[in-house]
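See structure below.
The values are calculated or read from the model by the stated rules, or taken from the named source; none is laboratory data. All values reported here derive from a predicted model rather than from experimental measurement. Ideal geometry is used to build each Cβ from the backbone, glycine not excepted, and the neighbour counts take in all protein chains shown.
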Amino acid sequence: MSWWKKLKGKVKLKEPLKKHTTFKIGGPARFFIEPRDAQDLRRALIFLKRYRIPVFVIGAGSNLLISDRGFNGAVLRLGAPYFKQIIFKGTDLKAGAGVNLNKMVAACTKRGLSGAEFLVGIPGTVGGSLAVNAGEAKEGRSIGNLLEKVTVMDYNGDLKEIDKKDIKFRYRSSSLSRYIILDARFKLGRKKREEIEKTVNKYVAYRRASQDYSGPSAGCIFKNPRQTSAGRLIDLCGLKGKRVAGAGISLKHANFIINNAGAKSGDVLKLMGMIKRKVKNKFNVDLKPEIKIWR
Ligand SMILES: Cc1cc2nc3c(=O)[nH]c(=O)nc-3n(C[C@H](O)[C@H](O)[C@H](O)COP(=O)(O)OP(=O)(O)OC[C@H]3O[C@@H](n4cnc5c(N)ncnc54)[C@H](O)[C@@H]3O)c2cc1C
């Protein structure tokens with residue numbers, strides 16, 4: 001019997017990854033696995049190790065550029081109900097890695113729990129967002145600031161809990177990215193629901209005003225260099241609206257690339273190369289990608 005038939009969760013073969021990225025770009029994955037629970041995930045990892053199949057974890061795919069060639073390995077997604085649980089205990093919240101951030105903020109708001117409002121509008125999961133330490137640039141807050149503890153699994157299938165003091169969070173990166181994050185515990189505070197709603201609406205309005213939702217994207221392409229924003233530098237190079245085939249630099253936010261019409265991963269990479277060269281020539285600044293690139 002094929003090993004993947006022994007798993008309890010869903011397994012798809014040759015699954016197009018463009019179905020699982022907000023960029024709507026990405027070729028097929030040899031295996032696309034959604035384990036039923038932590039035990040099933042462990043089982044999958046043991047098989048994958050035994051057959052030397054490379055593994056990638058995907059969340060909502062909102063920070064990814066995946067090659068059109070796809071991935072000759074297994075993509076794991078923690079999308080089963082087991083990984084989407086939200087449990088409150090007083091002002092503590094335990095959220096599964098597969099929980100969507102907007103759902104998490106909505107659940108907190110309903111309970112009168114404050115602290116996570118700034119995450120509203122980020123189209124990621126708890127797991128993916130902790131791996132990249134997602135946040136908002138204006139006030140410099142990120143999801144790592146809220147965290148108390150995480151449960152992770154290593155690629156051998158061993159579980160452990162990690163306390164916040166043992167985790168390194170930096171601007172759009174964290175030491176958790178070498179594990180598979182299963183769930184996270186956050187510490188929140190109490191506030192009146194109307195007050196929380198007001199703050200949530202403020203962040204929604206800010207993101208609507210500054211970000212481009214006109215087509216598929218992966219959010220900001222480059223990290224902000226010190227003291228300035230990547231979008232500003234790209235704009236000052238006169239690159240807004242520049243296109244390579246189906247990929248175009250947003251007219252609204254110069255650090256967004258929009259998949260206007262069937263863009264290929266190569267189109268986005270060419271556009272990124274052009275941006276890097278122009279910004280380097282004009283400002284002597286080396287832009288670093290914020291998105292994760294699976295070549
Ligand atoms: C319109 C738009 C607006 C955005 N706005 C913002 C913003 O304001 N601020 C911001 O920070 N980002 C923003 N982003 C980018 C993106 O939404 C965030 O980075 C998000 O947190 C990524 O989460 P994800 O679940 O989609 O992760 P994915 O993109 O699926 O994965 C990102 C990385 O995390 C890893 N990963 C995923 N799940 C796990 C897991 N369970 N365990 C370990 N590693 C894992 C992946 O392997 C990958 O390396 C935006 C994107 C879009 C499209």
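For the reader, a short list of remarks on this structure follows.
- Matching option when the condition is within 15 Å of A97 (Cβ to Cβ) and acidic (D, E), among D154, D158: D154
- Selection count, the stretch 117-175, where residues are of a type in the set (S, T, N, Q) and farther than 29 Å from S217 by Cα: 2
- Residue in the stretch 50-66 that is assigned to a helix (DSSP H, G or I), away from the ligand (no atom under 12 Å from the Cβ) and surrounded by fewer than 23 Cβ atoms within 10 Å (Cβ to Cβ) present: yes
- Long-range neighbours under 9 Å by Cβ, at least six apart or interchain, first residue of a type in the set (D, E) within the stretch 138-149, second within 13 Å of the ligand (Cβ to nearest atom): E139/F118; E148/A184
- Within the stretch 97-116, residues that are in contact (Cβ under 8 Å) with a residue 60 or more places away in the chain and polar (S, T, N, Q) have Cβ atoms under 7 Å from residues that are assigned to a helix (DSSP H, G or I) and within 16 Å of the ligand (Cβ to nearest atom) in these pairs: T109/V200, counting only partners at least 6 apart in sequence or on another chain.
- For the stretch 84-114, a tally of residues being in a loop (DSSP other than H, G, I, E, B), within 15 Å of the ligand (Cβ to nearest atom) and touching a helix residue (DSSP H, G or I) at 6+ places or on another chain (Cβ under 8 Å) returns 3.
- Residue in the stretch 23-36 that is modelled with pLDDT of 95 or more and assigned to a helix (DSSP H, G or I) present: no
- Residue count, the stretch 146-184 (criterion: within 18 Å of G135 (Cα to Cα) and either assigned to a loop (DSSP other than H, G, I, E, B) or hydroxyl-bearing (S, T, Y) (or both)): 8
- So G121, is it more than 7 Å from the ligand (Cβ to nearest atom) and in a loop (DSSP other than H, G, I, E, B): no
- Candidates K202, K165, K191: the one that is more than 13 Å from the ligand (Cβ to nearest atom), more than 27 Å from L45 (Cα to Cα) and either surrounded by 15 or more Cβ atoms within 10 Å (Cβ to Cβ) or within 21 Å of the chain's Cα centre (by Cα) (or both) is K191.
- Take the conditions (1) closer than 30 Å to G73 by Cβ; (2) away from the ligand (no atom under 16 Å from the Cβ); (3) surrounded by fewer than 17 Cβ atoms within 10 Å (Cβ to Cβ); I293 misses just one of them, which is (2).
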